[in-house]
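Heads up: the structure comes next, in structure tokens.
Derivation of every value follows stated rules applied to the coordinates shown; laboratory data play no part. Given the structure is predicted, the values throughout are model-derived calculations rather than measurements.
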Amino acid sequence: MTAKPKFVPKTAEQLEQELNELSDIARRKIESFGNSREQVMEHLRFMAQFHNFSPRNQALIQEQFMGAQAVGSFQFWRNKGVSVKKGEKGIKILAPAPVTYFMRGEEVI
């Protein structure tokens, strides 16, 4: 029996590089949609399946898994009673990072 590989968290630089690569992929994908009428129609049909994702995330989903029909987190599928098969990997999307601003005197923090 082989030992499980130890989880090694990514550094901030690695995470930033991965985010930049994903953003570049999404941007290139979005820019290429206008090349032909067929590509635009194909993309609009694909986008219609995902009502709660931004155009950038829809482009990332389409780039990573063209046949995707339903996308959700591990917890989402678990709550729906669907089990994830051992060894399956998730696709990457950009998650929102909400920021709360408040006033401290005259300063916005």
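With θ taken as phi - 60° and the Karplus curve 6.51 cos²θ - 1.76 cosθ + 1.60 applied, the whole-hertz 3J(HN,Hα) list for the stretch 93-102 is 9, 8, 8, x, 10, x, 10, 9, 9, 8 Hz, x standing for glycine and proline. I need to check one value: relative contact order of the stretch 48-109, counting alpha carbon pairs closer than 8 Å and at least 6 residues apart, in percent. About 29 percent, as a whole number. Pairs spanning more than 24 Å between alpha-carbon atoms, out of Lys29/Lys89; Lys29/Lys86; Lys29/Lys92; Lys29/Lys80: Lys29/Lys86; Lys29/Lys80. Could you tell me the distance between the Cα centroids of the stretch 50-109 and the stretch 6-44, to the nearest Å? What the calculation gives is 14 Å, centre to centre. Here the sum of -39500 (n - 2.57) over DSSP H runs of 4 or more residues, divided by the residues of the chain, equals -13500 deg cm²/dmol at 222 nm, to the nearest 500.
Sequentially through the stretch 74-88, phi angles give Karplus couplings (6.51, -1.76, 1.60; θ = phi - 60°) of 4, 5, 4, 5, 4, 5, 7, x, 9, 9, 8, 5, 4, x, 5 Hz, Gly and Pro residues having no value and appearing as x. Shape verdict for the chain, please, from the Cα gyration tensor: rounded (a/c under 1.5), prolate (a/b greater than b/c) or oblate. In terms of gyration-tensor shape, oblate.
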